[in-house]
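The values are calculated or read from the model by the stated rules, or taken from the named source; none is laboratory data. Remember, predicted model here, so these are calculated numbers, not experimental data. We place every Cβ from the backbone using ideal geometry, glycine too, and count neighbours over all the protein chains shown. Surface accessibility is based on the protein's heavy atoms, side chains included, excluding ligands, DNA and RNA. Shrake-Rupley method; radii C 1.70, N 1.55, O 1.52, S 1.80 Å.
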Amino acid sequence: MSQKTLTESGQEGAVEAPAAASAKRWWILAVVALAQLMVVLDATIVNIALPSAQADLGFSDGNRQWIVTAYALAFASLLLLGGRIADLFGRKTAFLIGVVGFAAVSALGGAATNFEMLVTARALQGAFGALLAPAALSLLNTTFTDARERARAFSVYGAIAGAGGAVGLLLGGVLTDALDWRWTLYVNVVIAVVAFAGGWLLLHNHRDAANSKLDVPGTLLVAAGLFSLVYGFSNAETHDWSSPETWGFLVAGGALLAAFTWWQTRAAHPLLPLRILLDRNRAASFLAVLISGGGMFGVFLFLTYYLQLNLGFSPTKTGVAFLPMVAALMVAAQVSTTTLVPRIGPKVVIPLGFAVAAVGMAWLTGIGVGSSYLTAVLPQLIVTGFGLGLVMPPAMQLATGGVAAEDAGVASATVNAMQQVGGSIGTALLNTLAASAATDYLVGKDPTNKLVQARATIESYTTAFWWSAGLFAVGALITFLLFRRGVPEQDADAAPVVHM
């Protein structure tokens, strides 16, 4: 069946041949996936390079976390605004500005001569990422409307979103070892050139919400609320949970988000129409993305520490060690979105994925001081990756499926916000629990003994893995209760048109 093309003014243009239209859609997927990879990579690619950057620029251990936190704060707090901008002013415009801006500030960060310059560049990366990520996902959502093609497209996109963090660790290690830490930022310029050229040639601008206006009070409330929430959890890593800098910002964030929710019921042009959240399957999908984002950091963060500090892996070897997990995730992504969910529905598939991931994380708690990667890490990584592949791609597809075209950008932004906030919460929570476990282990023991120190770090890692397993188990229960039975149907009235 042929698809009609819409011009930038929204008028119907020439009808493209089916084969040409289909081929063009898959090229659009490649461009969108590349841009999404760039955004996801930057959540972890700089992590492995941090020790080298710190030695080069001479900033303190206390300031080191802000290289990561600055990105997360800007990204999470501005995502809904970025999604609405894409709906109001056009997704191609938002996509191209996001790509160019992300590349420019990445180059600025790579050329940093001091801590202030680097942390500013990271914050600006988060801001442009908040414009780019929802534009990319909403382009995917409005380009693929055929059920089978949409499933295949989201299997690719979801796999990238889930595995991008591990790929970032690998690429960060390779670039740091082979070249210099600055190339973990410069590499974005190379990716952006390809993404910009593809977006310029393949995409057409269309404003589905052109008649709406920007909800300024809602924007301020949600940006401040998400900022406070992420900042509060970030402070938990360096402050006690009883510190006003932790709980004060968490309380403020909760209050601001509650006020935002109330305002969305009153606003003439709401930033986040509540109809997006009130669908049961969509709400369950948002929660699945939030929980999987939080639990994944138990894999990436602490296993990175274990492989490098306990098993003596180099940064590059550490990245390679995650590749089997990435492969398992990509296989499961394809199976879940194209075969399982269309046949038996998400009520079985997504809780099953969480349960499999929980088993993998619980199995990973068997690591010890002298464990082997091949027996104590590799099988567990494959199981965990396969489980997450059953969760993230179908959850992302269901979270954005069936929304009206004018809401595609903000729905996509909500998915990204859930993943980012989940990651921030997971990092802070697991870091705090791991540190407490190590401290408790050392009570009554000689802290200067190297073997005791090594066992204390193992205790901290396994504690984080147990909590990640518990988080995934909770995810299995919640999604089983929330998802409707049966195969979800696309609402024909809400299905977005194809914009080529």
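All conditions in (1) open to solvent by less than 40 Å² (accessible area, probe 1.4 Å); (2) in a helix (DSSP H, G or I); (3) of a type in the set (Phe, Trp, Tyr) hold for Phe386, with the sole exception of (1).
Gly387: in contact (Cβ under 8 Å) with a residue 24 or more places away in the chain and within 23 Å of the chain's Cα centre (by Cα), yes or no? Criteria met by Gly387. For the stretch 115-150, the candidate set comprises residues that are open to solvent by 10 Å² or more (accessible area, probe 1.4 Å) and modelled with pLDDT of 90 or more; within that set, the residue that is nearest to Leu179 (Cα to Cα) is Met117. Summed over the stretch 247-301, the residues that are open to solvent by 30 Å² or more (accessible area, probe 1.4 Å) and within 14 Å of the chain's Cα centre (by Cα) give a count of 3.
Out of Val326, Val331, Val369, report the one residue that is touching a helix residue (DSSP H, G or I) at 6+ places or on another chain (Cβ under 7 Å) and not in a helix (DSSP H, G or I). Don't jump to the end; show me each part of the working.
On the way: Val326 fails: not in a helix (DSSP H, G or I); Val331 fails: not in a helix (DSSP H, G or I).
So the residue among Val326, Val331, Val369 that is touching a helix residue (DSSP H, G or I) at 6+ places or on another chain (Cβ under 7 Å) and not in a helix (DSSP H, G or I) is Val369.
The residues on offer are Val99, Val46, and the sole one that is under 23 Å from Gly293 (Cβ atoms) and in a helix (DSSP H, G or I) is Val46. Taking the listed residues Ser436, Ser424, Ser460, the one that is modelled with pLDDT of 80 or more, assigned to a helix (DSSP H, G or I), crowded, with 20+ Cβ neighbours inside 10 Å and not hydrophobic (A, V, I, L, M, F, W, C) is Ser460, with no other qualifying.
Being at pLDDT 80 or above, in a helix (DSSP H, G or I) and surrounded by 22 or more Cβ atoms within 10 Å (Cβ to Cβ) is a description that does not apply to Val194. Any residue that is outside any helix (DSSP H, G or I) and of a type outside the set (Lys, Arg) - is there at least one of those in the stretch 30-38? Scanning the stretch 30-38, I find no residue that is outside any helix (DSSP H, G or I) and of a type outside the set (Lys, Arg), so the answer is no.
Would you point out the residue of the stretch 305-357, among those that are buried (at least 19 other Cβ atoms within 10 Å of the Cβ), among the β-branched types (Val, Ile, Thr) and in contact with a Gly (Cβ under 9 Å, 6 or more places away or on another chain), that is nearest to Thr479 (Cα to Cα)? By that ranking, first place goes to Ile350. Look at Gly225 and say whether it is buried (at least 18 other Cβ atoms within 10 Å of the Cβ) and either modelled with pLDDT under 85 or at positive phi (or both). So Gly225 fails the test. Evaluation of Leu451 against the conditions (1) touching a residue at least 60 places away in the same chain (Cβ under 8 Å); (2) crowded, with 17+ Cβ neighbours inside 10 Å shows that the sole unmet condition is (2).
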